[in-house]
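Asker: I have a structure I would like to understand better, so I am pasting it below and will then ask my questions one at a time.
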């Protein structure tokens, strides 16, 4: 029993140390050299206690890139729309936990071990800034294009394009799609967001498994 307690204590210390180091060691280690092009695109990172999403400003280019969203019932062409919101996560947890009151043990265990992944897509109008759960960043045009490439590549593709998960949504305006990659405790929704932000030319922590650690890293290094 003492050995088990000692092992658990060491494990907890190791996890805490990994999170701390992952937050305060930047990735990439050195900032990129200053570039001439002016940052013209404003993206948002939205967070809740366990998850982060990326909100991409909508224009004709973005609508064309993700044209399948309208066909699948997402009103990406709606008047007054400002952002399309993308998130990547655990299939079981995402689909089976629309609210905290519906939290179940099995989806949590799958998310902590190994699970298939899904993309969640939603839309938004004006998003208030500043806000504790919203972080905005200005990026250059070519980095914005690279970010769209990264997001598009996260969708699993079939013969007819992105694979919609039927009868899976939180509201009338969002949808779920099959995604590439597998979800686990080490590679989760927040590390996906961090990878996307690095593609966008921003610096994150070396490993950001939690929204709070990602948010802090972004504040420090950008």
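Asker: Taking the residues in segment 143-160 that are out of contact with any helix residue (DSSP H, G or I) (no Cβ under 6 Å at 6 or more places or on another chain) and assigned to a helix (DSSP H, G or I) as candidates, determine which candidate is nearest to residue 196 (Cα to Cα).
Answerer: By that ranking, first place goes to 151.
Asker: Out of curiosity, is residue 136 modelled with pLDDT of 95 or more, in a loop (DSSP other than H, G, I, E, B) and surrounded by fewer than 17 Cβ atoms within 10 Å (Cβ to Cβ)?
Answerer: On the way: modelled with pLDDT of 95 or more: yes; in a loop (DSSP other than H, G, I, E, B): no; surrounded by fewer than 17 Cβ atoms within 10 Å (Cβ to Cβ): yes.
It is false that residue 136 is modelled with pLDDT of 95 or more, in a loop (DSSP other than H, G, I, E, B) and surrounded by fewer than 17 Cβ atoms within 10 Å (Cβ to Cβ).
Asker: Considering only segment 79-104, state which residues are modelled with pLDDT under 95, assigned to a helix (DSSP H, G or I) and either over 20 Å from residue 209 (Cα atoms) or touching a helix residue (DSSP H, G or I) at 6+ places or on another chain (Cβ under 9 Å) (or both).
Answerer: Across segment 79-104, the qualifying residues are 92, 93, 94, 95, 96, 101, 102.
Asker: Next question. May I ask you to verify whether residue 38 is exposed (fewer than 12 other Cβ atoms within 10 Å of the Cβ), assigned to a loop (DSSP other than H, G, I, E, B) and either on the phi > 0 side of the Ramachandran plot or modelled with pLDDT under 95 (or both)?
Answerer: Working: exposed (fewer than 12 other Cβ atoms within 10 Å of the Cβ): yes; assigned to a loop (DSSP other than H, G, I, E, B): yes; either on the phi > 0 side of the Ramachandran plot or modelled with pLDDT under 95 (or both): yes.
So residue 38 fits the description; yes.
Asker: In this structure, is residue 158 within 16 Å of residue 47 (Cβ to Cβ) and either touching a residue at least 60 places away in the same chain (Cβ under 8 Å) or surrounded by fewer than 15 Cβ atoms within 10 Å (Cβ to Cβ) (or both)?
Answerer: no
Asker: For residue 31, state whether it is at pLDDT below 95 and either within 16 Å of residue 174 (Cβ to Cβ) or within 19 Å of the chain's Cα centre (by Cα) (or both).
Answerer: So residue 31 does not fit the description; no.
Asker: When the residues of segment 182-201 are filtered to those that are in a helix (DSSP H, G or I) and more than 11 Å from the chain's Cα centre (by Cα), which remaining residue is farthest from residue 214 (Cα to Cα)?
Answerer: Residue satisfying both the conditions and the ranking: 199.
Asker: Answer yes or no: is there a residue in segment 57-76 that is under 20 Å from residue 219 (Cα atoms), surrounded by fewer than 17 Cβ atoms within 10 Å (Cβ to Cβ) and touching a residue at least 12 places away in the same chain (Cβ under 8 Å).
Answerer: Within segment 57-76, not a single residue is under 20 Å from residue 219 (Cα atoms), surrounded by fewer than 17 Cβ atoms within 10 Å (Cβ to Cβ) and touching a residue at least 12 places away in the same chain (Cβ under 8 Å).
Asker: Follow-up. Condition first: under 15 Å from residue 150 (Cβ atoms) and touching a residue at least 60 places away in the same chain (Cβ under 8 Å). Now tell me which residues in segment 195-212 satisfy that.
Answerer: Passing the criteria: 196, 197, 198, 200, 201, 202, 204.
The values are calculated or read from the model by the stated rules, or taken from the named source; none is laboratory data. Keep in mind the model is a prediction, meaning the values are calculated, not measured. So basically every Cβ, Gly included, is an ideal-geometry build from the backbone, and we count neighbours across all protein chains shown.
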